[in-house]
Amino acid sequence: MEKPFITAIVTGAGLGTRMGGKKNKMLIEIDGGRVLQRTLMALYRSDVFDFFVVVVKEDILETVKTDILPQVFGENFSRVAVCLGGVTRQDSVKQGLLHLPEETDLVAVHDGARPFVTTAVVRRTVHRVLQGDVDGAIAAVPMKDTVKMCYDDGVIRNTPNRSQLFAAQTPQVFRKETILQAYERAIWEEIPITDDAQMVEIFGGRVATVAGDEGNIKITTPSDLLFGERILMERDETMGEDHETDVSDWHRL
């Protein structure tokens, strides 16, 4: 089959309140590389995406344009657009969707604060959608801890079967029409969401999981920075280029 056009929306407009300090966490350095720079480079090196939409806060807009993007894309910005995010993550993804190239077939939404995503995870997620039996796919890892559901007073209501619980990661990949329609309905009906897959699920879409990576952490608190440095020490600096799923061979999908 003909290679689909895939656009990555990278969300980097969060408030970062749990990180503390005044510096935007997208610009925090981990072993010499800024968080957003590492994220974009990891996605770029996967050789999957035809276009990138980077959603950021206004306070780092110029830095992203003049410093981070050139380090990832060189002098050719024909494959990337930058836009300002909204108050919530949902608002920011909506802004990103407004900048999709018309020829987009698949949309991958990825947290700008997940700089350690590997090529293998990206390709597995895209490959799952291209199999044709689902509307979307997300990277996820099995829950290690037992989860308790409680009433408001803290009394345990039930204990879900841990074998059926997974922690969602990104990328989350969807057919363009699926995510556009889901966002349009969610905004019209004022439905709050915590991730994009949830929105697609609410409106009847089929979303599958693929194996994520324990190292695909989201930089949220200062302790995550220390964990990130450890990941880099243990991982090849090629950002884990693993061609386990070769999505460049589209005619086999």
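The values are calculated or read from the model by the stated rules, or taken from the named source; none is laboratory data. Here the structure is a predicted model, which means the values were calculated and not measured. When we count neighbours, we look across all protein chains shown, and the Cβ atoms used for this are built from the backbone with ideal geometry, even at glycine. Heads up: the accessible areas ignore ligands, DNA and RNA and are worked out on the full protein's heavy atoms, side chains in. Shrake-Rupley method; radii C 1.70, N 1.55, O 1.52, S 1.80 Å.
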*Let me know the charge dipole size of the chain about its Cα centre in debye, to the nearest 20, where only the beta-carbon of Lys, Arg (+1) and Asp, Glu (-1) is charged.*
520
*Considering only DSSP states other than H, G, I, E and B, which trypsin sites (Lys or Arg not before Pro) in the stretch 27-73 qualify as loop sites with at most 16 other Cβ atoms within 10 Å?*
none
_Tell me the Rg and the Dmax, in Å, that the Cα atoms of the chain produce._
18.0, 58
*For the stretch 1-113, give the percent of accessible area contributed by carbon and sulfur heavy atoms, probe 1.4 Å, rounded to a whole number.*
47
*Compare ALA208, ALA167, ALA108 in a GNM of the chain, Cα atoms joined below 10 Å, and give the one with the largest fluctuation.*
ALA167
_DSSP-assigned coil residues among chymotrypsin sites (Phe, Trp or Tyr not before Pro) in the stretch 125-208, each with at most 10 further Cβ atoms within 10 Å_ = TYR151
*For LYS25, go through the lysines and keep the ones whose alpha-carbon is under 28 Å away, minus same-chain ones fewer than eight residues off.*
LYS57, LYS65, LYS94, LYS144, LYS218
*Surface share of carbon and sulfur [accessible, 1.4 angstrom probe, percent] for the stretch 136-205*: 51
*Solvent exposure of the chain as accessible area per residue, Å², 1.4 Å probe*: 51
*Estimated FRET transfer efficiency (ARG157, GLU189; beta-carbon r; R0 22 Å; 0.05)*: 0.20
*Kirkwood Rh in Å, taken over all unlike Cα pairs in the stretch 46-91*: 11.5
*Among THR220, THR159, THR118, which one moves the most in a GNM of the chain with springs linking Cα atoms closer than 10 Å?*
THR159
*Can you list the equivalent-ellipsoid semi-axes of the stretch 36-163, largest first and in whole Å, using the square root of 5 times each Cα gyration tensor eigenvalue?*
32, 20, 15
_Zone residues, the stretch 156-195, relative to MET149, backbone N less than 11 Å from point 7 Å out along Cα-to-Cβ_ = 157-161
*As a check on your grasp of the helix formula, calculate [θ] at 222 nm for the chain: sum -39500 (n - 2.57) over DSSP H runs of n ≥ 4, divide by the residue count, round to the nearest 500.*
-8500 deg cm²/dmol
